[in-house]
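The values are calculated or read from the model by the stated rules, or taken from the named source; none is laboratory data. Note that the coordinates shown come from a computational prediction; the quantities given were computed from them, not determined experimentally. For neighbour counting, all protein chains shown are included, and Cβ atoms are generated from backbone atoms with ideal geometry for every residue, glycine included. Side chains included, ligands, DNA and RNA excluded: accessible areas come from the protein's heavy atoms. Shrake-Rupley method; radii C 1.70, N 1.55, O 1.52, S 1.80 Å.
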Amino acid sequence: MTNRPWYERYQPVSYKLITRSGTEQQFKDMVKRCNAKGVRIYVDAVFNHMTRMGSIGKGSGGSYFDTDNFYFPGVPFGATDFNDESSCPTLDGRIHDYQNAVEIRNCQLEGLVDLKLGKDYVRSKVADYLNHLIDLGVAGFRVDAAKHMWPRDIAAILEKVKNVSMGGRPFVYQEVIDTGGEAVQGSEYLSTGRIANFKYGLELAQVFRRQNALKWLKNFGADWGMWSSGDVVNFIDNHDNQRGHGCAGSVLTHWEPKPYKLATAFMLAWPYGIVRIMSSYEYNREDNSEGPPHNSDESIKSVTINGMVCGNGWSCEHRWRQIYNMVAFRNMAGDAEVTNWWKGTDYQIAFSRGDKAFIAFNLEIVDINQSLMTGLPAGQYCDVISGNLESGSCTGASVTVDGSGRANIHVCSHCEDPMLAIHIACGY
Ligand SMILES: O=C(NCCCOc1c(-c2ccc(O)c(O)c2)oc2cc(O)cc(O)c2c1=O)[C@@H]1CCCN1C(=O)/C=C/c1ccc(O)c(O)c1
């Protein structure tokens, strides 16, 4: 067990913005610089609980805490601000039965002291924290462990939260790990924001590991028993399930580059929901609890960027060309519909996004060599999977679209990236 595990970040001792990743001033500067470039910041907010029973000491911001005595002077929170046997039905005060919705909300998750979010004082302290973040220019929140809070308490807290500085309500998505079969359903949280869609990564892992035919992706979305497009934030993996924690089933991660790039490219090309891509560090897979690359207990290593590659133990899979370029694909596709759906064998598909973009996937054992309707205007386009458009020419493959929108599409079969993608911004 490493002495400062990754999930330590999910055990608050106060709402001060001082961690091993930096100070409040550094955070404020970062948000300001990002906003100036049109990049919005959404904070992973942890307010279902504080620290774990038995832990005592000081947080990175210097706030003293003593969990067993419910003593958090850094907020302040005291014993009356936490759930106890009067609201939690289990003998040890912890969650055991995920078929019991009251237990899931009112008891301690893994021994983490459970805030009494029905109490106005506690709601106000959490709202103060979220409003402070909005004052620093933040555009919204990921509500961590939302499954363990009553929807009415989340709603009451958000009512105290002001509009964001760029105008309008904060963007909210809630972590409700619901892959079916538990007493708490994701649908209970749709009135307070979107929900993180944990079914999404499991389904695409099956398809891009060739355990389910690509051809079924034609109606991928709500028809697969998931929530509607306006209700979800989708992802292939996250900080938790990439280590095998959280929900059941094995999702794809950057440790399996080939299927990971394919699944991420499909997610970015497909118009269902809002999507989130992962950026990780090279954690030790033998020790699931290991925290970020660090020089010492007090300092985390900076992310060094050398072109499209990061150093210091940071994976930066979001900078891989096959992922990075597909973000532009999604932006160019906008809200264009899926058209020209084509199926070769069960493991060969292609589709357009209106007249803006076109992508083909090949998980078959033979190449695709086919004249296909791309929907794009006539012209030359660079394949953004195998390369870039740089100073007027393609560093990877190029595609010629004729006057009718058709092109000869060749997609390799036994190669690292068996997909091809073009869009109107990589025409030349
Ligand atoms: O084995 C562990 N935990 C049990 C399995 C994961 O259970 C946890 C879940 C969890 C898992 C599955 C569920 O269906 C579910 O409703 C909740 O959510 C958390 C959320 C937190 O903010 C802090 C946590 O410690 C947890 C947590 O332990 C180790 C040791 C303690 C922290 N931890 C961890 O593994 C920490 C995991 C963690 C941390 C942050 C998260 O956002 C998260 O989803 C999981």
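What the table below lists for this structure:
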quantity: So Phe47, is it under 25 Å from Cys107 (Cα atoms), among the aromatic types (Phe, Trp, Tyr), over 23 Å from the mean Cα position of the chain (by Cα) and within 16 Å of the ligand (Cβ to nearest atom); calculated: no
quantity: Subset tally (residues that are in contact (Cβ under 8 Å) with a residue 60 or more places away in the chain, away from the ligand (no atom under 16 Å from the Cβ) and in a loop (DSSP other than H, G, I, E, B)) for the stretch 259-289; calculated: 3
quantity: Selected residue (criterion: most open to solvent (accessible area, probe 1.4 Å)) from residues of the stretch 1-44 that are basic (Lys, Arg) and within 13 Å of the ligand (Cβ to nearest atom); calculated: Arg9
quantity: Residues of the stretch 164-192 that turn out to be within 27 Å of Thr264 (Cα to Cα), part of a loop (DSSP other than H, G, I, E, B) and touching a helix residue (DSSP H, G or I) at 6+ places or on another chain (Cβ under 8 Å), as a count; calculated: 8
quantity: Cross-chain or 6+ apart pairs with Cβ under 7 Å, the stretch 169-196 first and within 11 Å of the ligand (Cβ to nearest atom), then assigned to a strand (DSSP E or B) and open to solvent by 10 Å² or more (accessible area, probe 1.4 Å); calculated: Glu175/Arg142; Ala196/Tyr173
quantity: Hey, Glu159 within 12 Å of the ligand (Cβ to nearest atom) and either touching a Pro at 6+ places or on another chain (Cβ under 9 Å) or not basic (Lys, Arg) (or both) or not; calculated: no
quantity: Filtered residue count, the stretch 385-411, keeping only those that are within 25 Å of Thr345 (Cβ to Cβ) and either in contact with a Leu (Cβ under 9 Å, 6 or more places away or on another chain) or touching a residue at least 60 places away in the same chain (Cβ under 8 Å) (or both); calculated: 12
quantity: Count of residues meeting criterion [free of Cβ contacts under 8 Å to residues at least 60 places away in the same chain and either open to solvent by 40 Å² or more (accessible area, probe 1.4 Å) or within 16 Å of the ligand (Cβ to nearest atom) (or both)] in the stretch 204-230; calculated: 12
